[in-house]
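Here's the structure we're looking at; comments come further down.
The values are calculated or read from the model by the stated rules, or taken from the named source; none is laboratory data. Since the structure is predicted, the reported quantities are computational estimates derived from the model, not experimental observations. Quick reminder, even Gly has a Cβ in these numbers, built from the backbone with ideal geometry, and neighbours come from all protein chains shown.
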Amino acid sequence: MTHTLMTHVLTTILTTGPAATPTAVPNPTATATSGSSTLSTITNYLGVFIGFLVTFIVIFWLSLIIWTFRDIRSRTQDFLSQVLATLLVTVFFIGGLFIYMILRPRQTLAEIYERQLEEESLLAEMTERQTCNNCHARVESDFQVCPSCGQKLKRPCPKCERLLELRWTFCPYCATNLTGAPMQSMPGMAGMPAMPMQGMPPGGPGVPMSGPRY
């Protein structure tokens, strides 16, 4: 009897086998919710980035327009050129800026004005510096003759002895008429005695010559 019972239990165990363990079934609703949340986060960050990028581009575009307008105003006073340069950058953005940089005037109005001042200053300095009319050597204002070539530069007034220009007919210092005034002798010639001419008597032209008259 005991043998029969044990045989029946073993037969029952072998027939039944081990109990099957339950497996977890994925929930499709939870998976869809997680993917939608990730996509929404990425979309939000991308929207913020695009917003900042568009704002930066707009501000940069306006800054280029303002800079171009100021730059062209500092280089020319032509109103049409100012409008065309500003419209070029407004329409073509960075490409228009490159075109403007190539075609814009080379110098600003301030630089042109400074260059004109330098040229006028140099011209005035060259005008004030006196030179000889013959050899173009540099001379001083109190020179009567050129020390290089001997060209007569000025003459003294016979009355006030101030140096005068050769083309002047009146002395501006003492109002002396220079047309009828004798030319003053050169320095060093005043103290030399007059040499009698050959054939003239020592007494002068008014003294008759001695000897027989024909």
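Some points to look at:
- Residues (of a type in the set (Val, Ile, Thr), assigned to a loop (DSSP other than H, G, I, E, B) and in contact with a Leu (Cβ under 7 Å, 6 or more places away or on another chain)) located in region 145-178: THR169
- Selection within region 107-119: residues that are of a type in the set (A, V, I, L, M, F, W, C) and surrounded by 11 or more Cβ atoms within 10 Å (Cβ to Cβ). The member of this set that is nearest to ASP78 (Cα to Cα) is LEU109.
- Considered as a group, the residues in region 119-129 that are charged (D, E, K, R) and assigned to a helix (DSSP H, G or I) include one that is nearest to the chain's Cα centre (by Cα), and that residue is GLU119.
- Just one residue in the set PHE60, PHE79 is aromatic (Phe, Trp, Tyr), modelled with pLDDT of 95 or more and closer than 30 Å to LEU103 by Cα; that residue is PHE60.
- Meets criteria (outside any helix (DSSP H, G or I) and within 23 Å of the chain's Cα centre (by Cα)) for GLN116: no
- Within region 66-86, residues that are polar (S, T, N, Q) have Cβ atoms under 9 Å from residues that are surrounded by fewer than 13 Cβ atoms within 10 Å (Cβ to Cβ) and modelled with pLDDT under 95 in these pairs: SER74/ALA110, counting only partners at least 6 apart in sequence or on another chain.
- Within region 126-147, the presence of a residue that is within 20 Å of THR179 (Cα to Cα) and surrounded by 14 or more Cβ atoms within 10 Å (Cβ to Cβ) is excluded.
- ARG70 in a loop (DSSP other than H, G, I, E, B), under 30 Å from THR108 (Cβ atoms) and within 21 Å of the chain's Cα centre (by Cα): no
- Enumeration of residues in region 79-106 that are surrounded by 13 or more Cβ atoms within 10 Å (Cβ to Cβ) and either part of a loop (DSSP other than H, G, I, E, B) or at positive phi (or both): PHE93, ARG104, PRO105
- Any hit, region 126-143, residues being at pLDDT 80 or above and out of contact with any Cys (no Cβ under 8 Å at 6 or more places or on another chain): yes
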